Structures are given as structure tokens and as C-alpha cells.
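These notes are about the structure you will find just below.
None of the figures in this text is laboratory data; all of them are computed from the coordinates on show. Computed from a predicted structure; not experimentally measured. With ideal geometry, Cβ positions are generated from the backbone for all residues, glycine too; neighbour counts draw on all protein chains shown.
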């Protein structure tokens, strides 16, 4: 018996009294060894193409001030979130990316490292970001407050956006699925079509949310330089 509607996203799966909730986070690692075959597979070639495209895009966002190899951090984040999001689409697998414990663990250290690096190495540049160019003198104190709050809530918005998008689709599919046993055959066929359409939509959301998280992290990094 569930205690509340959202407890389905934090199940108490256990084997030998060991919690298995977060095993889905490392299940994607079982797929990775295929990428290290000596003979390139179609899967590896496709993945290399995706990585090179992301590298070029993130390099453009970071600009000339970005350090060499810094794009690989964001590509790794994209890959990790993508694997975990896709794992959550399989039945009976806990979606770790729908939990704030997971998303905040990614967003908070990233944002904190950008802030520490920026304020230590580019202090004047960071102060300049607090007041947008062309702001009237009267509005400057208000703009500083708004920009400071906007900067502080960034890790929260990154984490909540990813978790909320993962929860929303899964919750809708769970609620619709629970109505199945009480429906007639005609309505059940319509429900199945709806569930398949929702699953396709969730697959798109999985990719989009991984990309959005990585791109926003890159943009926050580029502002520091």
C-alpha cells in the first residue's frame, strides 16, 4: 500500500536487506563496454557522431575563453543523465533522475565550482555581471538584488527542472495505467494507444532534458570567463 501518490518514485526495493533503489544509476555501465570493442560497431560510430556534434556545440557556447577539454565535462554529464533517464523508462526500474538527491548532487557542485573559480580569478567580471549594460543609475541597486537572486537559484532550477520533468510524465503514465483493469476492451485499446504515445513523448523528453541540463551548465560556465 502506497503512503502517497509520489511514493511510487521512491520504492523500497531490496534484496538481502540491501536497498536496490539506486542500482538503476549504474545499470547503464553494463552497456558501455560495447563501445570499447576494437572493431567499430554501428552503435559506436553513431555515439561518436553524437559526441563530436555536442563537442562542437559546447565549444561554440564556451567561446575562446573556455579551457581545452572542458567540453568533455558537459558531454559526460549529458551521457550520465541520458542513461539514467532512459533506464527509468523500463518497467520496475527506479528513475534516479526523478529524485532531487540525484539532480542536486549534479547541479550544486557544478554551480559552486563556477562561482568559486569566477570570484577568485575574475572578480571584476563577476561584479560587472551584476549590473547589465545600459542599466539606469536609479535601477542599479534593484538590478544587483535581482541578478544575485537569479544567480543563487540557478542550481535549484537546474535540479527541479530535470526532476519535475521526469516525475510528470511517469506520474501521468502511472495514473493512466492504474485505470486499465476497470475499463472495457474498447477503452482499453484507446488507453494502450495513449500509453504508447506517452512513452514516445517521454523518450523525447528524456533526450531534451539531458541536453537542456548540459547546455545550461555550459552557459553558466561561459559567463564566468
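Of note:
- Helix 71-87 vs. the chain, principal-axis angle (Cα, 0 to 90°, nearest 10): 20 degrees
- Inter-label distance for residue 195 and residue 68, nm, one decimal - labels placed 7 Å from Cα along Cα-to-Cβ: 5.3 nm
- Dmax and Rg, reported as Rg then Dmax, of the stretch 5-224 (C-alpha, Å): 21.3, 68
- On Cα atoms only, tilt of 42-62 relative to the major axis of the chain in degrees: 30 degrees
- Ellipticity estimate at 222 nm from DSSP helix runs (n ≥ 4, -39,500 (n - 2.57)) divided over the chain, nearest 500: -22500 deg cm²/dmol
- In the chain, the longest principal axis of the Cα atoms and the axis of helix 140-152 are about 40 degrees apart.
- Distance in nm between pseudo-label sites at residue 41 and residue 182 (7 Å out along the Cβ direction from Cα): 4.5 nm
- Computed log10 I(q)/I(0) for the stretch 61-134 at 0.11, 0.26 Å⁻¹: -0.44, -1.22, from the Debye equation with unit scatterers placed on every C-alpha and solvent omitted.
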